1. Can you tell me, using C-alpha contacts under 8 Å and at least 6 residues apart, the relative contact order of region 34-174 as a whole percent?
2. Rounded to the nearest 0.05, what FRET efficiency is calculated for residue 120 and residue 206 with R0 set to 45 Å and r the Cβ-Cβ distance?
3. If you rank 177, 65, 31 by how much accessible surface each has, with a 1.4 Å probe, what is the order from largest down?
4. Taking a probe of 1.4 Å, how large is the accessible area per residue of region 34-181, in Å²?
5. At 1.4 Å probe size, with the rest of the protein present, what percent of the exposed accessible area of region 152-213 is carbon and sulfur atoms?
6. Around residue 30, which amide H atoms from residues at least 5 apart in sequence, or from another chain, sit under 5 Å from its own amide H, with H modelled in the peptide plane?
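The values are calculated or read from the model by the stated rules, or taken from the named source; none is laboratory data. What you are looking at is a predicted structure, and each value in this text was computed from that prediction instead of being measured. A quick note on method: Cβ atoms are made from the backbone with ideal geometry, for glycine too, and the neighbour counts reach across all protein chains shown. Side chains are part of the model used for accessible areas, which takes the heavy atoms of the whole protein and leaves out ligands, DNA and RNA. Shrake-Rupley method; radii C 1.70, N 1.55, O 1.52, S 1.80 Å.
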Amino acid sequence: MSGRRALCVHLAYCILQCGVAAHGQQLIDRVLARVGTNAITLTDVRTAIVLGLIEVKSGEDPQAVALERTIDRQLVLNEVARFAPPEPSAEDVAAEVAAMKSSAGSRLDTLVTSAGLDAAKLQQLARETLRIRAYIAQRFGTSVQVTEDEARKYYEEHPAEFTRDGVLMAFEEVEAVARQRASAERLRMTIDQWVKDLRTRAEGVIVGAAGKR
């Protein structure tokens, strides 16, 4: 499945280079996957990348992971819809829209033109992101407790984070920071496993679906 996803994204990016049909008047879009009744198109994936809706970690190939992360986002949104967390405020939505625009930078104008991205769509995406965050915070909390041994293990496994001017600081000096980062890592791992479980249990996920939007 992962090989097929990577291939689909590679083909999608090739299509993206063409981008627009004859005379630049009509965007060619391609359905790359379906999650239940939701189609995920090339435009959706490109929008998610440009606006920072999905995370591509350092060292990862964005073409190889973008579709998979967009599918994961839709799976999480489907789960969020089942429990209906509180609606975000208009102020929070506006702040999130501003953050997405900042992430896009100079690419925003191109995205608006090629993907037909308007203010209403930006607000919808911002609202979805905020609802995901609210649900995850409600379900998993914002931190987890770690022991001194776990904090020390994190310190020992990430020496570069605790090195200043070429000298590794003593654990006792940075224990609070090590605890905080160990807690954040544990929380990320818990959420990542939850998303993997959603993917495993999901029905109707079809990668490589063809067609036009």
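1. On the way: 81 pairs, mean separation 32.4, N = 141.
Here the relative contact order equals 23 percent.
2. On the way: r = 28 Å, r/R0 = 0.62.
Step by step, r from the Cβ atoms, then E = 0.95.
3. 177, 65, 31
4. 56 Å²
5. Details: 2190 of 4290 Å².
About 51 percent, which is the carbon plus sulfur part of the accessible surface.
6. Result for residue 30 returns 42, 43.
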